[in-house]
Every structure is written in C-alpha cells, then in structure tokens.
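The values are calculated or read from the model by the stated rules, or taken from the named source; none is laboratory data. Computed from a predicted structure; not experimentally measured. Counting neighbours? That spans all protein chains shown, and the Cβs are built from the backbone with ideal geometry, glycine included.
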Amino acid sequence: MAHSWSTALSSLLIKNGTVVMEDRTLRTDVLAENGRIARIARGISVQTDQIIDAGGEFVLPGVVDVHAHIGDPEFTRREDFTTGTQAAAAGGVTTIVDMVLSTPVDTPQAVRERVERGASESIVDFSLHAGMMNRANIGNIEALTKLGVCSFKTFMCAPYYVDRATFHEIMKNVSRFRAITNVHAEDEELSQKLTFELKKAGRKDPIAHNESKPNVVEEKAITDAIDLARAVRTKLHISHMSTSEGVVLVAKAKREKVDVSAETCPHYLTLTKADVLKLGPYVKVSPPLKTEADILALWRGLANGTVDMISSEHAPGEADEKEVGWDNIWDAWGGVPSIETMLPIVLSEGVNKNRITLQKAAKVLSQNPAKRFGLCPRKGRIAVGADADFAIIDLSIEKKVGASRLHYKVGWTPYEGWVFRGWPTTTILRGEVVARDGQILVKPGSAQFVPMKM
Ligand SMILES: [Zn+2]
C-alpha cells in the first residue's frame, strides 16, 4: 500500500475535524501523544510524526462493540481474532468485548489464555465477558472480577439454560462484586413448547424458527429478569433486545430505578421476518428477526435513551452451516456476521434517515457501552487523557455492500447489494491509523487487553 505509517508512532495531529464529544460537536484539532489524547483545541501547530487533515469530516470516538463472538479457539473456521478485528477496524470499531461462543471463559486460566491469544492475534483492543454462567462456576466470580472480567453472560433459554433459582443465585453473587449480569432473555419453557408443536406439525422451513420465538418469548424473559434484578438490586444488561415489548419493559424499569441497560443490534434495526423469506437460514438469529413495528420501536428507544447501546452481536456461520437450513431450519447455525457494517448501518439507516442524531450515534456506539462495561475513562469518548481511538467518517459517501470487499472469514453478509450512505474512512487506535478506506494498515501484535473496572 502507499501508506507508510503502519509502524507505531508517538504523536498524531488530526486537523480540521468536526469532533463529536460527549456534550457537543465542534470544529477543532486533536493532538494525540503516546496513544492518548493530549490536547483538543483550534489551530494546534506542533511538530508531530503524522498529520491527518480531516477536511471538516466528522471525527467520532472509536466504536466500542460490547458483543462480538470472535475469539473462540474451537471456531476459528468462522472467525478468529485477526480476521474478526480486521473487520472491526475497517468498520470503525477500535475496542471489542469478546463474547463467549462455546469454549467457556469462566476460570482465571481460561481468561489468561484468551487474553494471551487476543494480545498476539487481535489488531484492535479488547475486553472479555465471562460465561456461560451456571451453578458450577458461580464460585469463580470473585476471581474473574479481579482479572477485569466483570460481565457475566447468563442464558434464560437453550443452549445454556439456567433455571430462575440459579439465575437469581448468579445475580446475587455478581452483585457482591458490583459486577453486571448480562442476559440472553428468551423464555425456555415457552419457546420449547412452541418448537415442539411446530416440529410435530412437520414444520422445518426457515420461518418456523421465527414462529418458535414470537415477541412474547422475549417479553416474558425480560419481565422475569427485571423482577429478579429489582429484588437483588443489581446491575442487569439485556443482550440483543429485539422487540417493542422489551423497549416498554426497560423504559418502565428505568423509571422505577432498576439498574438495567439494554442493547440492540444492526439486524434488529434493519431486517424483519420478510427478509427470512428471501435469505432463509442466512438470517437465522436468536432472538429471531421481528417486524417493522419492532424496528421503529427500537430506533425510538435509542433516540429517547431507553435502549442504551448498539452492539454487533457478530456471530458468523459458514455458508454450509447456513445452507442446511433450507431443508431443515432447526439444523442451521444461528448468527450473522455484522461487525464491519454496524457503523455504516447506524450512519445510513439512523443518522441519515433522521432517526437519531450523530451525537446520539456516538453515545450508543461508544460512550454508553464503554461506561456500562467499565471501560471508561480510557475508551468511548474524545477527551483529554482518553485513548486516542477515532473513527473518521464521511456522512455523504455512498457505497454498495459486497462481501468480497469485507474482511469476514465466512465470505458473506446479509446486506449484499445494500447501499449505505455514510462510511468510516479512517480508523485510529491509540494514535495509530489501523484502517483507511477499508484497507488494513497494521499487523497483529499491538492490541491491548482492557480490563473492566466497575
Ligand atoms: Zn451473542
């Protein structure tokens, strides 16, 4: 490539950016020294190793993606730390929180192994969730929080189902260390019964998966999770919320001062059951895709602060793991690749369609997730002292999505052929340009593990 700055630099000046900060957006320069933001002011003129002229473009804090299935050593054929974080960097993401897929991260040894792998293979900074939580690993919670792993993923449904009593017990222990319980909220009893009936009727077409988990399945689980969190007085985070009912429940719980937060994902903001008819098993996800009304409610929830953040829920499956679902949807892998298109989707479908402001986009993609998961003050904001992580974006550039230009190992995207307006042009991690116009400019080896502090 023509760029010569792929080695670590000690100082960087971003000139003429329209910089999106926590409380305002203004035309200013930003100086980074030794990986941190050193000064924010107009007309900075100092000698630096590198200068980027943003030419008036918006400078956002680097995106903090708190739900990315990337680092599982058992599933490197779907994605690995390197390919997953290359896709992240190309998409303006500078920090990921790796979410357990199947190999447990529930002991200090497992944490150390994953930190080691991430540090040598990742190209953006990373943190870790613990999971999957169950009765057997509750005793490890304290030791994990001491290593900076303070978010505990728990399932209210298959495949890592725990009963309500165990869930309650996990919450109580997590709260003792002021950590956060991170829940997959779908009701097992209800979805199991519906699945049984669908199978009995011979249903195995793609839409049967959606019918096995209608809105009420999420509604019931979120209701119970909030009730338990209220009783325990603990921090609760609802992963990948997909329904308008969820938005109503979270809004009510927040009014009642329950310490709950909610995340939604690009697919719940763009795709519906109608897309299942076209893309079949490729858009099998859990929770399943819902309706246009749910999409509207989730955008409104983001705009009014009920929904705190957007995560990618990046969970790619290989084409053959998806293709089997045309014949039998129950056999197909559930999950979509989405980390590289997340920021473009928020800019195109959110900001450019006036559903949320750019300031709000930065809040739900960077500030809120960093704060909620204990990565602040280092990550998630443009402020003196914070890590110099940025996504410079062009809000008017239009590009058609094509899997061949994305970095996913699986080689497909649910958004093939979609045209998004608004893309990241430059991604900067701790003062170093890691991606420009979709090109990756660094090699693995300088990523840092960012411990959560709560
Ligand atoms: Zn997930």
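Within segment 233-257, how many residues turn out to be at negative phi, out of contact with any His (no Cβ under 6 Å at 6 or more places or on another chain) and surrounded by 22 or more Cβ atoms within 10 Å (Cβ to Cβ)? Qualifying residue count, segment 233-257: 13. Residue pairs whose Cβ atoms lie under 6 Å apart, separated by 6 or more positions or on different chains, with the first residue in segment 162-188 and farther than 20 Å from residue 250 by Cβ and aromatic (Phe, Trp, Tyr) and the second more than 16 Å from the ligand (Cβ to nearest atom) and modelled with pLDDT of 95 or more, are 177/142; 177/145. Residue count for segment 8-30 satisfying the condition of being of a type in the set (A, V, I, L, M, F, W, C), surrounded by fewer than 18 Cβ atoms within 10 Å (Cβ to Cβ) and in a strand (DSSP E or B): 1. When segment 288-328 is filtered for residues that are touching a Leu at 6+ places or on another chain (Cβ under 8 Å), within 16 Å of the ligand (Cβ to nearest atom) and either of a type outside the set (Val, Ile, Thr) or in a helix (DSSP H, G or I) (or both), the ones remaining, listed by number, are 289, 309, 315. Residues in segment 333-360 that are in a loop (DSSP other than H, G, I, E, B) and more than 16 Å from the ligand (Cβ to nearest atom) were compared, and the one that is farthest from residue 301 (Cα to Cα) is 340.
Counting only helices (runs of 4 or more DSSP H) that sit wholly inside segment 165-244, not one has at least 3 residues that are away from the ligand (no atom under 16 Å from the Cβ), closer than 17 Å to residue 268 by Cβ and modelled with pLDDT under 95. Would you check if residue 358 is closer than 25 Å to residue 130 by Cα and surrounded by 19 or more Cβ atoms within 10 Å (Cβ to Cβ)? Against the criterion (closer than 25 Å to residue 130 by Cα and surrounded by 19 or more Cβ atoms within 10 Å (Cβ to Cβ)), residue 358 does not qualify.
Every listed requirement among (1) in contact with a helix residue (DSSP H, G or I) (Cβ under 8 Å, 6 or more places away or on another chain); (2) away from the ligand (no atom under 16 Å from the Cβ); (3) in a helix (DSSP H, G or I) is met by residue 145 save one, (1). Do we find that residue 424 is touching a helix residue (DSSP H, G or I) at 6+ places or on another chain (Cβ under 7 Å), surrounded by fewer than 19 Cβ atoms within 10 Å (Cβ to Cβ) and not basic (Lys, Arg) in this structure? Judged against the criteria, residue 424 is not a match.
To keep it simple, each residue is scored yes or no on (1) hydrophobic (A, V, I, L, M, F, W, C); (2) free of Cβ contacts under 8 Å to residues at least 12 places away in the same chain.
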| position | (1), (2) |
| --- | --- |
| 206 | no, no |
| 214 | no, no |
| 217 | yes, no |
| 221 | yes, no |
| 224 | no, no |
| 227 | no, yes |
| 236 | yes, no |
| 239 | no, no |
| 242 | no, no |
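On the stretch given as segment 100-129, residues that are within 17 Å of residue 451 (Cβ to Cβ), in contact with a helix residue (DSSP H, G or I) (Cβ under 7 Å, 6 or more places away or on another chain) and aliphatic (A, V, I, L, M) total 4.
Based on what the data block shows, is residue 65 within 15 Å of the ligand (Cβ to nearest atom), within 22 Å of residue 130 (Cβ to Cβ) and charged (D, E, K, R)?
Criteria met by residue 65.
One line per residue, one yes/no per condition, for (1) surrounded by 23 or more Cβ atoms within 10 Å (Cβ to Cβ); (2) under 30 Å from residue 328 (Cα atoms); (3) acidic (Asp, Glu); (4) in contact with a Cys (Cβ under 7 Å, 6 or more places away or on another chain):
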site	(1), (2), (3), (4)
195	no, yes, no, no
201	no, yes, no, no
220	no, yes, no, no
223	no, no, no, no
230	no, no, no, no
262	yes, no, no, no
278	no, yes, no, no
285	yes, yes, no, no
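As a summary of the residue check, residue 153 satisfies the conditions (1) within 16 Å of the ligand (Cβ to nearest atom); (2) part of a loop (DSSP other than H, G, I, E, B); (3) surrounded by fewer than 24 Cβ atoms within 10 Å (Cβ to Cβ) except for the one numbered (2). Identification of strands (runs of 3 or more DSSP E) wholly contained in segment 365-454 with 1 or more residues that are within 30 Å of residue 275 (Cα to Cα) and polar (S, T, N, Q) yields 390-400, 419-429.
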